[in-house]
Amino acid sequence: MTRDPKDGAPPPKPNIPPPPGVPKLFSGEFKKSRAPIWQWPAILLIVAGTSAVVLYFSGVFDRPPPPPPPAPVKSKVKRPQQAVLESPGHRQHLTGPKTVQCAECHVIKENVFDRPDNQRCLKCHIANESTIHLSDLSRKEGACLSCHGFLVKKDKAQKPWACMRCHDKAVGVRVAVTVHANEECSSCHLPHTKPGVAPKNCVSCHTKTSARHGKMASSSTTNTAKVCIDCHNPHEKGKTAQDRCADCHRANEPVVPATATFSGGHEKCVSCHLPHEFSKATVRDCKSCHVDRHTLGENKSTAHRDCKSCHAPHNVRASAREKCATCHTRANVTHPRDATRGTCVGCHAPHPKDRAPVRVATVCLNCHKGKETLGEARVPAHGRCASCHKPHDPLPSARKSCATCHAKLRPQHPPDAHKGACTGCHPPHRKDLPTVTSTSARRTQGVATSCVNCHTKASSETAFHKGNTTCTKCHTPHRFKLDGAAVCRNCHASTVKRVASNPGHRTCTKCHTTHDPSKHPAACATCHTAKKEPISKGHAKCTQCHNPHEGKASAKQQCRTCHADQVSSAPDGHANCAKCHDPHVAGSTPKVACGSCHTPQAKSTHGSKVKGGCLSCHRPHGPGGREKIPACYSCHDKSKQVGLHQMAPHANCATCHRSHGGSPAARETCTAKCHTDKKTHMPNATKCSDCHLFGGPR
């Protein structure tokens, strides 16, 4: 088989036979007929000349020289170094028992030579699909290539179980492997198996530690790793588990509130619970930390010696304030009101410095220093707190205690329940009460406070009601509440008599303020809310039409005062203004349409179809609008009327048409007055206009 010269190989030698009579060299015939040596030069010249002639005539000397071999094509893709091909992965694929062609893994095109992805690996290694390293980073680089090395690095060879080359630091959400870093990763991790993690039994190494806790506490499994990893991350230090208690017990039983741990106290769950023994029996006793903590009455009360009687283990700071009532059910404690101290513990210190008796409470003056009492120099009972205040309910009890001595008085003022009646004017512990030491000065105390001390809008006792009337002239000190018109009648008898005819205005204070009745009367809209908005600008002042004390005046009379032209020009049917107009609505638009009274006319052609409706021909009253009904031709241009409308006998529209009747339809309209001789003409025709046209062509 010859090769093509185009492939760069030398051309084939021509098969030239020897000249006749010349024996073949190196053959037996040549040996048999070998000439003497002195004849050899002549023979060689003959052979050379004959060969030259044959080659010349065969065209050998005319052939061009063979082309040089093609220069190698330089690829733009960087070829991997020879060291790459010597990596473990490439040696196994290229020289192993079953060789793999490069194109089976790589996409090889012009300027393209990419790395294989997972799917190409799985074409052959279908049973070895990775169950780990499936994060976004691994998918991008190829999960297989993250462990199996096909590139030889300068420092470390990439081997399948050289995990620490990556996991010596945090990778994504995975923490750096610090614990178990020297253990064989394959003892727990199975990269090609589901599940990809089969943790080793922890007690095989941690022989002295055993725990049944968490989700697997009731499990019968002998592999404790499933129990341990509920709290421990296998690659973190063991102490980090104590930070995960709250996250788990926030949703799982037993649910533990966030108040269980707090800075400066129970900072960690393991402060009370042993990490691997979680029974109630193994919880540390409170006294192991609170050695010098004494409890109120602990020498007499067994419950007070048990911390959990008052403190909930997982809410020790807040629960104690509410626990007192579980035993002391009869005590309704409302004092002190400081929420940060609690009620009972405000007076009864739960943890005194020494072992105080059970019933000892702090003295009132320890908190209420400098508190002086009204009239305490004259009334010894006022100097003792407990004479007015019950220890567990001081404020409500004090308000009611006045009546025990002042039984004849029934004060109703001030009505504020938080102040009480008596103490509203007679402050028991006045802030402005001067500190006095002499007996004579103390005996002058006890006068009720001035009205203006509370009612600060008044500059003095006579500042209101024209400036010459004292508060007590209208208000009785212990009663205070006004009796409406009965009080006003003392000075305004004639006005009260006039208002009797108007039931809605009989109570003076509905319109007038008691302290400034003339300057600040209440707006009418306070009661007449339906008439408030919107209202005509000219009707904004109610008293312009209405008398406030005697009632309403005649509506027509009131309208005439301002709208004289309209009232005088209105026809009889429109004499009552309020029949069409609402005096309390803004604008002049009638509140009802013309059709509400003139129903047939409103339904006619002119009433329903003409722009402007009734007002295009009529006016309800003057001075504006059409005073007289306009001629028909003011709208219906005479020059544009066609057909029989152009005849002189038909010039008067009213002869055939009615203003609100529309176009004539029956033949009686034509034959009744004008065309009487045509009554028998075409008797079957219902309308004359069917033949005698008044409009355009049909």
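Quick notes on this structure:
- Any hit, the range 652-664, residues being in contact (Cβ under 8 Å) with a residue 60 or more places away in the chain and in contact with a Pro (Cβ under 9 Å, 6 or more places away or on another chain): yes
- Condition broken by Gly551, with the remaining ones in (1) surrounded by 11 or more Cβ atoms within 10 Å (Cβ to Cβ); (2) modelled with pLDDT of 80 or more satisfied: (2)
- Test: His692 is at pLDDT 85 or above and in a loop (DSSP other than H, G, I, E, B): yes
- For the range 664-697, a residue qualifies if it is of a type in the set (S, T, N, Q) and either exposed (fewer than 13 other Cβ atoms within 10 Å of the Cβ) or within 60 Å of the chain's Cα centre (by Cα) (or both), and the qualifying residues are Thr676, Thr680, Asn684, Thr686.
- Val84 vs. criteria out of contact with any Pro (no Cβ under 7 Å at 6 or more places or on another chain) and modelled with pLDDT under 80: yes
- Meets criteria (assigned to a loop (DSSP other than H, G, I, E, B), touching a residue at least 24 places away in the same chain (Cβ under 8 Å) and at negative phi) for His645: no
- Residue within the range 653-661 that is of a type outside the set (A, V, I, L, M) and in a helix (DSSP H, G or I) present: yes
- Residues that are surrounded by 15 or more Cβ atoms within 10 Å (Cβ to Cβ), modelled with pLDDT under 80 and in a loop (DSSP other than H, G, I, E, B), drawn from the range 148-159: Gly149, Phe150, Leu151, Gln158
- Pick from the range 506-525, criterion open to solvent by less than 50 Å² (accessible area, probe 1.4 Å) and outside any loop (DSSP other than H, G, I, E, B), ranking: farthest from Ala463 (Cα to Cα): Ala525
- Scanning the range 165-182 for residues that are open to solvent by 90 Å² or more (accessible area, probe 1.4 Å) and outside any loop (DSSP other than H, G, I, E, B) yields a count of 1.
- Residues that are in a helix (DSSP H, G or I) and more than 41 Å from the chain's Cα centre (by Cα), drawn from the range 526-545: Lys531, Lys537, Gly538, His539, Cys542, Thr543, Gln544
- Cβ-Cβ under 7 Å pairs, at least 6 apart or on other chains, the range 306-318 side of a type in the set (S, T, N, Q), far side surrounded by fewer than 16 Cβ atoms within 10 Å (Cβ to Cβ): Ser309/Ala303; Asn315/Pro257; Asn315/Thr259
- Test result for Leu145, open to solvent by less than 50 Å² (accessible area, probe 1.4 Å), part of a helix (DSSP H, G or I) and modelled with pLDDT under 85: yes
- Among the residues listed as His574, His606, His618, the single one being in contact with a strand residue (DSSP E or B) (Cβ under 9 Å, 6 or more places away or on another chain) and not hydroxyl-bearing (Ser, Thr, Tyr): His606
- Taking the criterion of being surrounded by 12 or more Cβ atoms within 10 Å (Cβ to Cβ) and either among the acidic types (Asp, Glu) or farther than 24 Å from Lys239 by Cβ (or both), the only residue of the range 266-285 that qualifies is Glu277.
- Flag for Phe262 being under 35 Å from the mean Cα position of the chain (by Cα), of a type in the set (Phe, Trp, Tyr) and farther than 30 Å from Asp393 by Cβ: yes
- Near pairs, Cβ below 7 angstrom, 6+ apart or cross-chain, from the range 266-294 (of a type in the set (S, T, N, Q)) to any residue that is assigned to a loop (DSSP other than H, G, I, E, B) and open to solvent by less than 80 Å² (accessible area, probe 1.4 Å): none
The values are calculated or read from the model by the stated rules, or taken from the named source; none is laboratory data. Owing to the predicted nature of the structure, the values given are computational and were not obtained by experimental measurement. Because the Cβ atoms are built from the backbone with ideal geometry, glycine has one as well, and the counts that use them run over all protein chains shown. Just so you know, the surface numbers come from the protein's heavy atoms only, side chains and all, with ligands and any DNA or RNA stripped out. Shrake-Rupley method; radii C 1.70, N 1.55, O 1.52, S 1.80 Å.
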